[in-house]
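The values are calculated or read from the model by the stated rules, or taken from the named source; none is laboratory data. Quick caveat, the model's predicted, so the values are computed rather than measured. Every residue, glycine as well, gets a Cβ built from its backbone with ideal geometry; the counts of neighbours run over all protein chains shown. The area values use the complete protein model at the heavy-atom level, side chains included, leaving out ligands, DNA and RNA. Shrake-Rupley method; radii C 1.70, N 1.55, O 1.52, S 1.80 Å.
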Amino acid sequence: MTSTTPSTPAKAIPAAEGSNHEQEHEHPDLRLFGLVTFLVADGMTFAGFFAAYLTFRAVNPLPEGSTYELELILPTINTVLLLVSSFTFHRAGKECRANRLPAARHWLLVTGALGVAFLAGQMVEYFSLPFGLTDNLFASTFYALTGFHGLHVTLGAICIAIVALQTRPGGVITAENHFGLEAAELYWHFVDGIWVVLYGILYLL
Amino acid sequence: MTVATPRDLEPQLQQPLQPKGWLRYFSFSVDHKVIGLQYLVCGFFFYLVGGLLAGAIRTELATPLSDFMPRDTYNEVLTLHGTVMIFLWIVPVVNGAFGNYLIPFYVGARDMAFPRLNAVAFWMIPPAGFLLISSYFLAGAAAQSGWTAYPPLSLTTPAAGQVVWILSVLLLGGSSIFGAVNFIATVLKMRRPGLKMMQLPMYCWAMLGTSLLVVLSTPVLAGVLILLSFDIIAHTGFFNPTLGGNVVVYQHLFWFYSHPAVYIMVLPAFGLVSEILPVHARKPLFGYTTMVYSIMGIVFLGLIVWAHHMFTSGTPPWMRLFFTIATSFIAVPTGIKFFNWLATLWGGKIALNSAMLFSCGFILNFVFGGITGITLAQVPFDIHVHDTYYVVGHFHYIVYGGTVFVIFASLYHWYPKFTGRLLNEDLGRLHFLLTFIGFNLCFLPQHWLGLNGMPRRVAEYDPTFTTLNQVSSVGALLMAISTLPLLVNVVVTAFQGKRAGDNPWNALTAEWLTSSPPPVENWKGEAPLVTEPYGYGRAQEPKAPTLEAAR
Amino acid sequence: MRMARAVKIRAAITTALATASLGLTGFLVGTRVNLLPVDASTNAPTYDSLFKVLFSIGTMLFLGISIVLIYSLVRFRRNEGELADGPPLEGNLPLEIVWTAIPAVVILFVGIYSYDIYDRMGGMTPLDHGALHHQHAMDTPSHTMEAKSMEMPSERVWGGIGPAIDTGVASTSSASGAVLPVEVTAMQFAFIFHYPEADITSGELHVPLGQPVELRMKALDVIHAFWVPQFRLKQDVIPGQPTVLSFTATRPGTYPAICAELCGPYHGGMRTSVVVHEVDDYQTWLQQNRPAPSST
Ligand code: HEA
Ligand code: HEA
Ligand code: CUA
Ligand SMILES: [Cu+2]
């Protein structure tokens, strides 16, 4: 039948072992984990845009005379720039971890330059396109998608500038303490990845 | 022994700068308990605002004519009511308030993973809320296109109000995402050593599931609202048919968020009930493992059923069929939870106090609302009742009868933890009685209204529906009155309520194993290792619940 | 031993009786209590049979759960001053399986049944094939959807409900059998009905009893929805997306036609009537409203 043994509060085991010590007194550094979670969310924003674009494309015919064809040369160069910049950033991270901060800073600057070149390329493309923001559905979606991505690149470039400053002698970033650099790198790879998808469905499809 | 690292010292270092006493609650505090209560009080304020707007709606609908306020004002009122209740009351309170207060205790941590981000997330809410409400006064007109803001209507209503609405919802969505990032990191990564995932209290699992939904779906809402604001401000044509746009795409993206949003509003409530029932029934939570799986099942299914809000939007037949089946299957994991709660009660030693009454009220109301939900999921059924008061009835049974009831239950359950004082039980029962009767009186007749031909979002209606609408309005009045005992209780108790002691319910979860209210660092010594949060009926030493609680 | 067995048997009998009476109550409530307005189209009885099934199942589930809940609260209430805990039951796998399986079976049944209902209502009829272009489809049955949409891309139909599969009622009462097309234009804040065959434009919808009607709907400004509660039919009318809605009226009378989608301040006032005439009356109405032949 019903038990008549009432309960006690659960064992309040005092944590005495070494492993507990660590946890108790060192707030684990979860910032990178948090960033990853946030990037998943950010990726979903892009996923929403991509889904909208693909649906528009599948069901909403464009008005006479407009086309989905885009000039490919510039964006392809841009894609290459961005892909290369992922490698240079990776290199910067490696140098930093190996405690060669000047080299790390060098590679960071290269990465930043590639990012800025990408943005410049995008500006050139914007001004040479035959359509404006409100011309038709494709035009609007094109600008919304590339613009939103460009915003991310801009933000990434700013982060790179900050991180590059921090790698100067006496800066916050050292071989042991390089969260900022790692976070910026992760973010940059994410932005590159998004671009590859974007390039695929916007230019190649 | 205590080798404090700089991070650990932070709270103390901050203290000279932080105001003490009640002023803390108006500061940029990084203490998860302070933030939790900030969410709670702020949310409750907006509940009163939303309720006032609901009162305006029910007053207008007490007569068939549009005579209480102008028609466009009515649309503003219902838009604000829906938005305030969802984004400023339910979501911040079941997630933000209780999540922030309880989760660090449950995982055995001193604070959330990102305390500062946490404070930022909270402080995004009041400005967003006031922005939303002030749009009526500042922009000349508030948004008028319902909380769903369907274009092209939202492109043709006064632009300023709609843009402010979008801005406000974007802020609130951002706050919600920051919160979710924090909860995921805290539950997965901040657990005290020795504490396994499958030993966590159910609320942690509920918040984990909810936060996954937030992270995966809220950004899509942000994206679609950005596109909508482009349509309004820059006159692009994403959702403007005259410019070649497609309005159904908006609906898909909107509901891709807003269906999961309903589980964002209810999963945490499921979690809270799972904490409350075992304590007051003095029995372990029945079927812990299946409960965990059913939460994850709801998360998964919740992401793939959104188009059941669009059965009449001209979606292709196969799509309607798929969404009917997927939606219906949510009844299975949800049902598991309800049967497990009943089994938890069965054979227990139940204390019928206010927390328990509201929890059981929740079960009744939610099962009712869930069953009407299943009927709505059937395409042929929904075709008749879509956009009618049947739907209004359905979701108030769930959001009010479900989630709000749970919020009240939680208030009675955790108030002693927040303040060290027990809420008055007699007032609590009065509150329950009035709320329960008023609620059913208000929303039950709406099903009948919908079936018989009353559409929603109208300020005027066929006079044959007058009587039932008046019954509904009386119910709303009763609900408004029912907030009085609650307010009196909360305010009076805060100053002269009965002292509760640290653990008035003799509960086993970690937040009760410290003083009430808890110290800044949560526990004076080490965090306790609670491996059996529901181990009722199993221990050796007798330890009685206080008599007050045992009533 | 014998005592225990007797108790067990008694418990089994009580459970069986309780379940049976619960089922019976649910069935009686579901089939006897009518919450719906009169049925006036071929759809409506089909719809109502689904409603009865859902209402019965819903009543059983809700009553059952309520009774268990209230019984527990009364039976297992803690006595004044009682300090003991309940039994430490953590779970029971067979039980879990039972209450996973039962809802799953119920849901499957409901899902399949409502698919069948939907099919009978015409919801699964491919619209691009036959609905809007009956004449074409009859002339050249080999026409594929692609071919047709290439012929007239602007005529693409986006959704809606096609002609119902013959339920018997329609075939006996529709003397002519031909489909009556009506063009519906929805705008803030009115429906305009145009009869292409008779060239009549009207603010009310007049249809003859028993003849299939096909509404070809367009919206001019924002989304509206055309709803006739007595027909159990509703369809959004979305600007830029021509939609069809087919029905056959079965009961003479005047019914409200309501806009069900928020479309602006006067959304609540956007309603008109559907008049279902006897066949002869309908002819009279046509005669009276036919535009005078223009004198050219
Ligand atoms: C917290 C909020 C919440 C929750 C949890 C739910 C839960 C559910 N909702 Fe609801 N819903 C809303 C809030 C919510 N809803 C809102 C706000 C709207 C309107 C939006 C708007 O247009 O403004 C809406 C609208 C809405 C629609 C669209 C109606 C329309 O506009 O035409 C549909 C259609 O399928 C639906 C279905 C469901 C279903 C199937 C569930 C299921 O999750 C319910 C599952 C639960 C149970 C079934 C009960 C317990 C189970 C058992 C006891 C097992 C046995 C049961 C069976 C075998 C049936 N809801
Ligand atoms: C999510 C939570 C939530 C909650 C808690 C509520 C609570 C209530 N809702 Fe709400 N409602 C929605 C979410 C919610 N609603 C949504 C999303 C919509 C859809 C909007 C849309 O279509 O876009 C909606 C729409 C909606 C409608 C349909 C409007 C229409 O379609 O035309 C109605 C009508 O009765 C209604 C009524 C009520 C009532 C009476 C309450 C009551 O429970 C409120 C009780 C609380 C109080 C009364 C406050 C406390 C008392 C005071 C502050 C004192 C002063 C009050 C008075 C003098 C009356 N609501
Ligand atoms: Cu037209 Cu509502
Ligand atoms: Cu939904």
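Here are the numbers for this structure:
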| quantity | calculated |
| --- | --- |
| GNM top mover of A:THR146, A:THR45, A:THR154 - chain A, alpha-carbon springs below 10 Å | A:THR45 |
| Residue-count net charge about B:PRO152 - beta-carbon cut-off 13 Å; Lys, Arg +1, Asp, Glu -1 | -4 |
| Relative contact order of chain B, pairs being alpha-carbon contacts under 8 Å that are 6 or more residues apart, as % | 16 |
| With 10 Å bins from 0: P(r) over the stretch B:196-285, alpha-carbon pairs, percent | 16, 31, 22, 15, 10, 5, 0 |
| Environment charge at A:LEU39 (Cβ cut-off 14 Å; Lys +1, Arg +1, Asp -1, Glu -1) | -3 |
| Probe 1.4 Å, accessible area per residue of chain B, Å² | 30 |
| Interface residues in the stretch B:446-462 - accessible area drops by 20 Å² or more relative to the isolated chain, probe 1.4 Å | B:TRP448, B:LEU451, B:ASN452, B:GLY453, B:PRO455, B:ARG457, B:VAL458, B:GLU460, B:ASP462 |
| Span from the the stretch B:473-535 Cα centroid across to the the stretch B:67-110 one, whole angstrom | 21 |
| Folded to 0 to 90 degrees: helix A:101-128 orientation relative to chain A principal axis, Cα | 40 |
| Rg followed by Dmax, in Å, when chain B is reduced to its Cα trace | 23.2, 77 |
| Loss of accessible area when A meets B, both sides summed, Å² nearest 100, probe 1.4 Å | 4500 |
| Around C:ALA186: net Lys/Arg minus Asp/Glu count, Cβ-Cβ under 15 Å | -2 |
| Apportionment of accessible area to carbon and sulfur, the protein assembly as shown, percent (1.4 Å) | 69 |
| Entries of B:LYS196/B:LYS349; B:LYS283/B:LYS524; B:LYS33/B:LYS417 with Cα pairs more than 20 Å apart | B:LYS196/B:LYS349; B:LYS283/B:LYS524 |
| Total accessible area lost when C and B pair, probe 1.4 Å, Å² to nearest 100 | 7500 |
| List B:LYS196, C:LYS234, B:LYS189, ordered by accessible area with a 1.4 Å probe, largest first | B:LYS196, B:LYS189, C:LYS234 |
| Acute angle (nearest 10 degrees) that the helix A:31-59 long axis makes with the longest principal axis of chain A, alpha-carbon atoms | 30 |
| Accessible surface buried upon A-C contact (total; probe 1.4 Å; Å², nearest 100) | 500 |
| Between helix B:317-329 and chain B: long-axis angle, C-alpha atoms, 0 to 90°, nearest 10 | 30 |
